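Report on the structure given below.
The values are calculated or read from the model by the stated rules, or taken from the named source; none is laboratory data. As the structure is a prediction and not an experimental result, all values here were calculated from the model. Heads up, the Cβs are rebuilt from the backbone with ideal geometry, glycines too, and the neighbour counts pull from every protein chain shown. Accessible surface is based on the protein model in full, side chains and every heavy atom, while ligands, DNA and RNA are left aside. Shrake-Rupley method; radii C 1.70, N 1.55, O 1.52, S 1.80 Å.
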Amino acid sequence: MTERTTRAAFRRAVILGAVLAVCSSRAQASGAPIPHGTLELIAEKEWIAAGHPFNVALRFELEKGWHVYWVNPGDSGEPPRVTWNLPAGIKAGAIEWPAPQRLGTPTIADYGYEDAVTLIIPMRADATLSSQNPAQIAANVKVLVCREMCIPGKAQVSLALPVKSQPPPANSQSTHFFTEARKAWPRTALASWKFSISQTNDSFVLTANLGRKITDAMFFPLGESQVSNAAPQTLVPTATGFTLTLRKSEQLLKPIARLKGVLVLSGEQPYSIDVPIGKSTEASAKGSG
């Protein structure tokens, strides 16, 4: 099945899911209902300190087997979309995405999160933020929840946080969600590690020198339509790392200069990598003749 066919099938599933969006959801008093789950806006601290950054998060809790999507959803799906309604003096940053799971079938691969996920959003409060009233932070969220079918949903979530001048304590009810989410954040690869990418007509070959043998690795591309999501990733361990062959997407019609994404090594916190792509080895071989 081609990626274009997959996308068409996905659109049909969304249309069907929209018709069924009135299906019962697992609602909780503390969260807004979404299809087959709940969504809550939570804060890491008890209040906002004017002039300092702070964090809120979208906490998704889903029924077993249902999932939402990563920033690159893979062969189908859409990531959650957020529109903020914030008081003057507060600005929202971009979502901090935990490393995803590979979901789907041998022919269709999606990237997302099952059961539950906490998406942290950094915020910035101006020093002039008034402390007379609590700050009302609200979000309109569009989300696609999938299993065998996909069901679009919407939720409005909000919270009110006092504004004070002193440093805030942790929110005892939610701080563990932030702690767990950060464990799945991609961190910067070590400065001593070396990466390179060569390419053939149909594949990228990622070579990693980490100073040790690696026997299990998976790459999640940040950009859509660059790597074939469903194709096997062929790992060859080396004495100091590995090579990982990634088949190019059929929709990759123009050359790209770099490959960005998340590298997951078994038993370790994931790593964020951004590697320049070398010239095609097949083209070089033909030119040398």
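Anything in the range 72-96 that is open to solvent by less than 60 Å² (accessible area, probe 1.4 Å) and part of a loop (DSSP other than H, G, I, E, B)? List them, or say none. Let's see the steps before the verdict.
Residues of the range 72-96 open to solvent by less than 60 Å² (accessible area, probe 1.4 Å): 72-77, 79-80, 82, 86-87, 89-90, 92-93, 95.
Within the range 72-96, D75, S76, G77, P79, P80, L86, P87, G89, G93, I95 meet the criteria.
Which condition does A99 not pass, out of (1) of a type in the set (G, A, S); (2) open to solvent by less than 10 Å² (accessible area, probe 1.4 Å); (3) under 25 Å from Q251 (Cβ atoms), if it passes all the others?
Answer for A99: the failing condition is (2).
So S266 ticks every box in (1) at pLDDT 95 or above; (2) within 19 Å of the chain's Cα centre (by Cα) but one. Which box is left unticked?
(1)
Which residues, taken from the range 151-172, are of a type outside the set (G, A, S), modelled with pLDDT of 95 or more and either out of contact with any Phe, Trp or Tyr (no Cβ under 8 Å at 6 or more places or on another chain) or part of a helix (DSSP H, G or I) (or both)?
Within the range 151-172, the first condition is being of a type outside the set (G, A, S), and the residues that meet it are 151-152, 154, 156-157, 159, 161-164, 166-169, 171.
Next, from what is left, pick out any that are modelled with pLDDT of 95 or more: 151-152, 154, 156-157, 159, 161-163, 168-169, 171.
Once the filter is applied, which keeps residues that are of a type outside the set (G, A, S), modelled with pLDDT of 95 or more and either out of contact with any Phe, Trp or Tyr (no Cβ under 8 Å at 6 or more places or on another chain) or part of a helix (DSSP H, G or I) (or both), the range 151-172 yields I151, P152, K154, Q156, V157, L159, P169, N171.
Within the range 84-116, track down each residue that is of a type in the set (A, V, I, L, M, F, W, C), over 15 Å from N72 (Cβ atoms) and at pLDDT below 95. Don't jump to the end; show me each part of the working.
We begin by selecting, within the range 84-116, every residue of a type in the set (A, V, I, L, M, F, W, C); these are 84, 86, 88, 90, 92, 94-95, 97, 99, 103, 108-109, 116.
Applying the additional criterion that residues be over 15 Å from N72 (Cβ atoms) yields 84, 86, 88, 90, 92, 116.
A88, the sole residue that qualifies.
Looking at the range 221-260 only, could you name the residues that are open to solvent by less than 60 Å² (accessible area, probe 1.4 Å), under 18 Å from S76 (Cα atoms) and in contact with an Asp or Glu (Cβ under 8 Å, 6 or more places away or on another chain)?
The answer is S225, S228, N229, A230, K248, S249.
Please go through the range 221-242 and give me each residue that is in a strand (DSSP E or B) and within 19 Å of W97 (Cα to Cα), ordered by number.
Residues of the range 221-242 that are in a strand (DSSP E or B), as a first pass: 221, 227, 234-238, 241-242.
If the condition is that a residue be in a strand (DSSP E or B) and within 19 Å of W97 (Cα to Cα), then P221 is the only one that fits.
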